[in-house]
Amino acid sequence: MDIYRKKQRWKQILLLAAILIGVGSLWYTNRLVNDIKETERQKVELWAEAIRILNSADFETELAFPFYVIERNTHIPVILTDSEGNILNHKNLDSLKVRDPSYLQRQLEHAKEENDSLVIDLGNNEYQYIFYRDSILLRKLIFFPYVQLGVIMLFILVSYIAFSVSRKAEQNEVWTGMSKETAHQLGTPISSLMGWMELLKESELNPETVREMQKDASRLEKIVDRFSKIGSKPTLVESDLNRILKGSLEYMKNRGSKHVEYLLDVPEAPIRAKINETLFEWVVENLCKNAVDAIQGKGKLLLHAVETDNNVIIDVEDSGKGIAKSRFRTIFKPGYTTKRRGWGLGLSLSKRIIEEYHHGKIFVLSSEPNKSTVIRIILKK
Ligand SMILES: Nc1ncnc2c1ncn2[C@@H]1O[C@H](COP(=O)(O)OP(=O)(O)OP(=O)(O)O)[C@@H](O)[C@H]1O
Ligand SMILES: [Mg+2]
């Protein structure tokens, strides 16, 4: 299993765990809420009984206990009404707001929604009703799991952002360090090779051999130039894209498979865009190499460029094996490869060059299995 599939699997497991914790916490709090609701109802029933005793009290009735019960309720808001709905008494409501009759009325409506009322039978067909609201504790508890979930989500989000920012920074450093070190290490032997070649030219060696060696040395020089530009801010210069695309295609024609047809489709007039030639050429080369790798047997590689009002669009199209839709984004991640000898660096480097250094875009425009793939680059003019 490749690391990206593993990562995907881990994300799914974590998401599932988060959902389970969320559902578990909701379920548990719900049970608690129901238990407390039941306890509160029992308290209100006791309260109702105390009111009933007080209402039907005569001289001999022991009043201390009912009074005690009534006084003890300090947290459940209750409203007592007669059978016409007139409010006779209330307890545990906001002592300042109760002066406003509309506030009392609103509380009564809330109480009717929250709990069933209790009836006090006073005898002689007279009844009083007790309405009560959930206590503040209970109301807080109902919202608690949502607050808890919110906090957990926020925590996960913040950690995820912090983690990916630090990982990106780390990746950046690795890229830059490796590129600079490569450029540095290659630099010295190449200069000396060039010197030796100058000497060889003057000796009796076959000039063709020297020319070929010189080509290789220049290629090495180009590679050093490319690597040395990673990590420093490259200068962008207005350049002719047609020429660069033609050059890259020419290079592929000479080095790539002979079974591939190499085609260029660009307008007559040069397309100009602000680019860093060395780096942009590297991107096109990477895309062309991937395209040729994807073509097993006979096939076509087409470089296509057009200009719009603000952008330049470059499409690299091949008739190769294609890319699954689920991999459209993954292929740009460092280390993702399906090739035996691949490093999975070509596309992540290309993305970096296009997005960070040229402020453009690079993505898979379309792909059909065993038919075609189009990778698109969009540059600003
Ligand atoms: N045109 C294409 N058609 C089909 N698959 C592609 C194409 N371009 C890229 N891929 C897939 O994306 C993967 C990553 O490409 P990338 O260029 O980053 O790495 P690589 O070519 O495998 O190795 P490297 O470029 O480092 O030598 C490839 O291994 C291949 O599976
Ligand atoms: Mg590649």
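The values are calculated or read from the model by the stated rules, or taken from the named source; none is laboratory data. Keep in mind the model is a prediction, meaning the values are calculated, not measured. Positions of Cβ are generated from backbone atoms using ideal geometry, with glycine treated the same way; all protein chains shown enter the neighbour counts.
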> Just one of 342, 297 is within 16 Å of ligand 2 (Cβ to nearest atom) and at pLDDT below 90; which is it?
Replying inline: 342
>> Suppose we filter the stretch 76-98 for residues that are at pLDDT below 90 and surrounded by 13 or more Cβ atoms within 10 Å (Cβ to Cβ); how many remain?
In response: 1
> In the stretch 332-365, how many residues are part of a loop (DSSP other than H, G, I, E, B) and among the polar types (S, T, N, Q)?
Replying inline: 2
>> For a quick check of your reading of the model, give me the residue pairs whose first member lies in the stretch 123-152 and is on the phi > 0 side of the Ramachandran plot, whose second is surrounded by fewer than 16 Cβ atoms within 10 Å (Cβ to Cβ), with beta-carbon atoms closer than 7 Å and at least 6 apart or on different chains.
In response: 123/56
> Identify, please: which residue in the stretch 303-340 is within 17 Å of residue 370 (Cβ to Cβ) and out of contact with any helix residue (DSSP H, G or I) (no Cβ under 8 Å at 6 or more places or on another chain) and is, among those, surrounded by the most Cβ atoms within 10 Å (Cβ to Cβ)?
Replying inline: 319
>> If the requirement is being surrounded by 15 or more Cβ atoms within 10 Å (Cβ to Cβ), under 21 Å from residue 351 (Cβ atoms) and either at pLDDT below 85 or not aliphatic (A, V, I, L, M) (or both), which of these qualifies: 232, 248?
In response: 248
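Could you check, for the stretch 204-227, whether at least one of its residues is of a type in the set (S, T, N, Q) and in contact (Cβ under 8 Å) with a residue 40 or more places away in the chain? Let's see the steps before the verdict.
Restricting attention to the stretch 204-227, the residues satisfying the condition of being of a type in the set (S, T, N, Q) are 206, 209, 214, 218.
Retained after the next criterion (residues that are in contact (Cβ under 8 Å) with a residue 40 or more places away in the chain): none.
Looking for residues that are of a type in the set (S, T, N, Q) and in contact (Cβ under 8 Å) with a residue 40 or more places away in the chain, one finds none in the stretch 204-227, hence no.
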> What do you reckon, is residue 116 farther than 15 Å from residue 78 by Cβ, of a type outside the set (S, T, N, Q) and assigned by TED's automatic domain parsing to the domain that holds residue 43?
Replying inline: no
> Assuming residue 63 fulfils every condition listed in (1) over 59 Å from the mean Cα position of the chain (by Cα); (2) surrounded by 12 or more Cβ atoms within 10 Å (Cβ to Cβ) apart from one, which condition is it?
Replying inline: (2)
>> Anything in the stretch 120-133 that is within 23 Å of residue 34 (Cβ to Cβ) and either modelled with pLDDT under 95 or not hydroxyl-bearing (Ser, Thr, Tyr) (or both)? List them, or say none.
In response: 130, 131, 133
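Here's the yes/no breakdown for (1) farther than 20 Å from residue 246 by Cα; (2) touching a strand residue (DSSP E or B) at 6+ places or on another chain (Cβ under 8 Å):
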| site | (1), (2) |
| --- | --- |
| 277 | no, yes |
| 281 | no, no |
| 302 | no, yes |
| 327 | yes, no |
| 335 | yes, no |
| 340 | yes, no |
| 355 | yes, yes |
> Is one or more of the residues making up the stretch 107-115 touching a residue at least 40 places away in the same chain (Cβ under 8 Å) and of a type in the set (Asp, Glu)?
Replying inline: no
> On the given criteria, is residue 373 over 20 Å from residue 172 (Cβ atoms) and crowded, with 19+ Cβ neighbours inside 10 Å?
Replying inline: yes
>> Given the options 309, 265, 315, 240, name the one that is in the same structural domain as residue 342 (by TED's automatic domain parsing) and closer than 25 Å to residue 218 by Cα.
In response: 240
>> Can you find, within the stretch 11-49, the residue that is farthest from residue 78 (Cα to Cα) among those that are of a type in the set (Val, Ile, Thr) and touching a residue at least 12 places away in the same chain (Cβ under 8 Å)?
In response: 21
>> Kindly evaluate residue 354 against the criterion of being of a type in the set (A, V, I, L, M, F, W, C), more than 11 Å from ligand 1 (Cβ to nearest atom), within 25 Å of the chain's Cα centre (by Cα) and more than 20 Å from residue 175 (Cβ to Cβ).
In response: no
>> Quick check on my filter: what residues within the stretch 34-56 are over 22 Å from residue 114 (Cα atoms) and in contact with a Pro (Cβ under 8 Å, 6 or more places away or on another chain)?
In response: 50, 53, 54
